[in-house]
1. Look at the range 38-70 and say how many of its residues are in contact (Cβ under 8 Å) with a residue 24 or more places away in the chain and assigned to a helix (DSSP H, G or I).
2. With Glu9, Glu64 as the choices, which residue is of a type in the set (Asp, Glu) and at pLDDT below 95?
3. Residues of the range 42-62 being of a type in the set (A, V, I, L, M) and open to solvent by 70 Å² or more (accessible area, probe 1.4 Å), which ones?
4. Go through the range 22-41 residue by residue and tally those that are open to solvent by less than 60 Å² (accessible area, probe 1.4 Å) and not acidic (Asp, Glu).
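The values are calculated or read from the model by the stated rules, or taken from the named source; none is laboratory data. Owing to the predicted nature of the structure, the values given are computational and were not obtained by experimental measurement. When we count neighbours, we look across all protein chains shown, and the Cβ atoms used for this are built from the backbone with ideal geometry, even at glycine. Just the protein is used for accessible areas: all its heavy atoms, side chains included, with ligands, DNA and RNA removed. Shrake-Rupley method; radii C 1.70, N 1.55, O 1.52, S 1.80 Å.
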Amino acid sequence: MSDKEYDPEEYKVRTIFEKEEIDRRIVDLDIFIASPGWHHISDMEQIRLERQRNAMEEYTTVMEDRIRQF
């Protein structure tokens, strides 16, 4: 634990920023999935990236729920 005092406003801003970053990564991955490059990676790598996308979608949903509680 850091010695820094808890600042609710800073915490809120950081949480919102984190959600926005995950949302950007989802969009970037969606763009890749729709691109010709998607078909040049192995089936197993496609599966892993789809799993990653699903996990990020769940993560951003949790972040959204947290943000609504601020």
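1. The number of residues fulfilling the criteria is 9.
2. Of the residues listed, the single one that is of a type in the set (Asp, Glu) and at pLDDT below 95 is Glu9.
3. Result: Met44, Ile47.
4. 8
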